[in-house]
1. Checking E213 against (1) under 25 Å from L81 (Cα atoms); (2) out of contact with any Leu (no Cβ under 8 Å at 6 or more places or on another chain): exactly one of these is not met. Which one?
2. Can you pull out the residues in segment 112-143 that are surrounded by fewer than 17 Cβ atoms within 10 Å (Cβ to Cβ), modelled with pLDDT of 90 or more and among the hydroxyl-bearing types (S, T, Y)?
3. Do you know which of the residues in segment 187-221 that are free of Cβ contacts under 8 Å to residues at least 24 places away in the same chain and among the hydrophobic types (A, V, I, L, M, F, W, C) is nearest to N328 (Cα to Cα)?
4. Would you point out which residue out of P276, P256, P320 is in contact with a Lys or Arg (Cβ under 9 Å, 6 or more places away or on another chain), crowded, with 18+ Cβ neighbours inside 10 Å and at pLDDT below 95?
5. Can you say whether G278 is part of a helix (DSSP H, G or I) and in contact with a helix residue (DSSP H, G or I) (Cβ under 9 Å, 6 or more places away or on another chain), as far as the supplied structure shows?
6. If only one of L329, L301, L339, L323 is touching a residue at least 40 places away in the same chain (Cβ under 8 Å), in a loop (DSSP other than H, G, I, E, B), aliphatic (A, V, I, L, M) and under 23 Å from A159 (Cβ atoms), which one is it?
7. Pick out the one residue from V312, V300 that is open to solvent by 30 Å² or more (accessible area, probe 1.4 Å) and out of contact with any Ser or Thr (no Cβ under 7 Å at 6 or more places or on another chain).
8. Have a look at A187, A233, A192 and point out the one that is surrounded by fewer than 22 Cβ atoms within 10 Å (Cβ to Cβ), modelled with pLDDT of 95 or more and more than 25 Å from E319 (Cβ to Cβ).
Amino acid sequence: MRLTISLSSASARALSNACSTCTRKVQVMRDCATAVRSQQHRFNSEQHAVRSGAQLQQNAPHAWRKSSTVSPLSPRLLAYLRQSPGRRSIAYFVTAALISKSVRFVVYDEQSYAWPLIFSLIVLPFGTAATYFFVSIVEQQVWMRVPLRHGLVQATQGAALGGAAFLAVAAIAAGCGWVSTTTWGWAHHAPATLIRSVALLGIGHLAVAINEEMVFRGYGFDTLASAIGRGPAACVLTMLFALYHYQFSVQGVVGPAASGLALLLLRLSSDGLWMPVGYHWAWNVMQTALLGPPDGLPSVLPLSVHGPYAWVGRPGYPEPGALSILINLAVAAGVGVRLWRATQRVQ
């Protein structure tokens, strides 16, 4: 009887251990099944997200699929500007005017000779960014249509032409006894002061040339020409350029208009801004940094004026005389004839 009870107890313990083992195995199988279901659910969610993203990308406009051209502005605003070159033209000129007025309001200093140069240096990055936005984001065009190496050659040619044009004005005036040079700039100023002045004038007038050419002969001209035609756009922007430099005299309008016409024809003949920027920069540097007025910033060889204002004007300032007007018109005529001949050969 005791043996039977003992065997029964051993059987019970063995059965209990077997049940516990089975229970643990069942629990492990349940955990595995739960993990498999979770992984399958996650895989299905990822596949659905991929399919949804691909569908959205397929339905989106081409411009918005390019990460390099995504704009933070509303697509409706971009679509509104892209519908009409007139709208883009107005928006661009308003933007340029707001940048100019804002900088002038913040850092205006009428008493400083260097103020126009500092103003242009401050405006340059903002004006360049605004122009880049309209060219590359709004219109999705190529920012630099002339290759860099070829552009540098054009800039050098423009600078040579601009420097030669101003030297022609100075030579004619000197031959008539209307201007003269006395002593070198370092005779009146310390060499370090003269070097700083020449560097500021060179860099500052480069900013002046780039700013004005971008607006009046660059994108501003292109978008306005698309809206009203090249001829009317040339007339409008040439007069706006003259009024921008207006100095309360007839010469203050005719002179900038003549130079603006020469710069515009240089831009059309070269199909880029490099040549007019070079011409513009060289003309300004010649009459300020090299042959500057005695009452301006220190220059290498100050140029004193004795002749009539109507013919000589006021070199170093936006007050050109008849000589400057005639030389710029001669340059415009030469470039215009060359452009016309090139057009005839193409036709």
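1. Result: E213 fails condition (2) only.
2. T128, Y132
3. A199
4. Being in contact with a Lys or Arg (Cβ under 9 Å, 6 or more places away or on another chain), crowded, with 18+ Cβ neighbours inside 10 Å and at pLDDT below 95 holds for just one of P276, P256, P320, which is P320.
5. Judged against the criteria, G278 is a match.
6. When all the criteria are applied, what remains is L301.
7. V300
8. After applying the criteria, what remains is A233.
The values are calculated or read from the model by the stated rules, or taken from the named source; none is laboratory data. Note that the coordinates shown come from a computational prediction; the quantities given were computed from them, not determined experimentally. Neighbour counts run over all protein chains shown; Cβ positions are idealised from the backbone, glycine included. Ligands, DNA and RNA are stripped out before the accessible areas are found, and what is left, the full protein with its side chains, is counted by its heavy atoms. Shrake-Rupley method; radii C 1.70, N 1.55, O 1.52, S 1.80 Å.
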